[in-house]
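The values are calculated or read from the model by the stated rules, or taken from the named source; none is laboratory data. Computed from a predicted structure; not experimentally measured. For neighbour counting, all protein chains shown are included, and Cβ atoms are generated from backbone atoms with ideal geometry for every residue, glycine included. Just the protein is used for accessible areas: all its heavy atoms, side chains included, with ligands, DNA and RNA removed. Shrake-Rupley method; radii C 1.70, N 1.55, O 1.52, S 1.80 Å.
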Amino acid sequence: CERLIMSARLVMERPDSLLETERLENELFAAPDQPALEAVNLTKTFPGGQVAVSGLDLTVRAGSVCGLIGRNGAGKTTTLRLLMGLLHPDHGKARILGVDLGGAPKRVREKVAYVSQNQRLPGWMSLSELCRYVSRFYREWDFGCANDLAQQWELSMTRPVASMSGGEQRQIAILLAL
């Protein structure tokens, strides 16, 4: 539960690249001066000419806290999606711990999480059921960590998510991400 939930993109050019992936992961986590998040001249335009992000330069050092603040439509969510590799930039680079997640292998992407402001959870499921479901997507899911967080945050493992407050549902989304 203590481990950092960040990783990097690793390019797999040949079938025996698993060892190369592990080597690059070890180098990545061993670089304490590596920025946690980095955007260099990041630009994204949607069809119809809507410019969402234009020439963004941003560096967030590991261990620091950063908030993206702006009006609706300013590009905050698009920036996060670009950093997560969920969208591809038109120009520039988006990296987490020095790596572009856009084409990263699953074993790398599963170490990074994103909780959307609008993320909807299946209301009919309990937190226990959600943990069992989500665990199938991760090789290293930690049920103990999930239970510890639920206990610390006083979240019911058995109540349907729909019966919980909006704040509790956000906590559940964060728990699942961690």
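Note that the stretch 35-161 presents 60 Å² accessible area per residue, ligands and nucleic acids not counted, probe 1.4 Å. In the distance distribution for the stretch 74-178, Cα-Cα pairs more than 17 Å apart total 58 percent.
Relative to the current alpha-carbon distance between Leu178 and Ile69, full extension at 0.36 nm per residue lengthens the span by 36.9 nm. Applying both filters, DSSP loop and at most 11 other Cβ atoms within 10 Å, to the GluC sites (Glu not before Pro) of the stretch 82-171 gives Glu140, Glu154.
Residue separation of Asp33 and Asp90 scaled by 0.36 nm, minus their Cα-Cα distance, works out to 17.7 nm of gained length. Each of Phe46, Phe143 has its accessible area taken with a 1.4 Å probe; listed largest first, they run Phe143, Phe46.
So what is the diffusion coefficient of the stretch 30-113 in µm² per second by Stokes-Einstein at 37 °C and 0.692 mPa s, using a Kirkwood Rh over Cα pairs? Write out the running numbers ahead of the final one.
Numbers: Rh = 13.3 Å.
Roughly 246 µm²/s, to the nearest whole number.
In this rough spin-label picture, where each label sits 7 Å from Cα along the Cβ direction, the Ala113-Cys145 distance is 0.7 nm.
Sequence-ordered 3J(HN,Hα) estimates for the stretch 153-170 from the Karplus curve with 6.51, -1.76 and 1.60 and θ = phi - 60° stand at 8, 6, 9, 6, 7, 10, 6, x, 4, 4, 8, 9, 5, x, x, 5, 5, 5 Hz, glycine and proline given as x.
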